[in-house]
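Only one structure is covered here, and it is reproduced in the block below.
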Amino acid sequence: MQGRKLNVKLLDGAELPRYAHDGDAGFDLCITEDCRLEPNARAIVGLGCAFEIPSGCVGLLFPRSGLSSLYGVTLSHSVGVIDSGFRGEVCAPLVNLSCDTVYLPKGSRVCQMVVVPFVPCDLVEVDKLSGTERGEDGFGSTGIE
């Protein structure tokens, strides 16, 4: 797989993040210390990496599906945003949504990052928005089935 170069600074003896499989959108990030999460507890864990996200792109942190579906551990903010100007260590705010204590040893893959381009917008205040078929219909407007 060939892609755009992403500069990574490793901290605390961390290993270089990697994609689990060719064609994966996100590369896995691992914790640098053991972490014990009691039920409903939260912890911010270091991932041992700082990134040079290219200008015009953003790094998005997502939970790992296996960790969340099997053990109830996910990111407390759902999706993290790593802006291109940030050069510090990327951390993961974990939360244990299960009824069991979860122990994650150092090196556990806890989240994944996807680097994507974004469209900057010039925000313009207006009195009225253009109409659409959906209009202002919100949650549940398309039904539950």
Check: Around G107, with a cut-off of 12 angstrom between Cβ atoms, what is the net charge of the other residues, counting Lys and Arg +1 and Asp and Glu -1?
Finding: -3
Notebook entry, point to check: Using the count of nearby Cβ atoms within 10 Å as a rough guide to exposure, how do I31, I44, I144, I53 rank from fewest to most?
Noted result: I144, I44, I53, I31
Check: What ³J(HN,Hα) values, in whole Hz, does the Karplus curve 6.51 cos²θ - 1.76 cosθ + 1.60 give for segment 130-135 when θ = phi - 60°, with x put for Gly and Pro?
Finding: 5, x, 9, 4, 6, x
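Using Cα-Cα distances under 8 Å and only pairs 6 or more residues apart, what relative contact order does segment 7-108 have, in percent?
Values: 209 pairs, mean separation 36.4, N = 102.
Relative contact order for segment 7-108 comes out at 36 percent.
We did not get these values from a lab; they are worked out from the coordinates using the rules stated. Predicted model, so just to flag it, every value in this text is computed and none were measured. All Cβ positions, glycine included, derive from the backbone under ideal geometry; neighbour counts span all protein chains shown.
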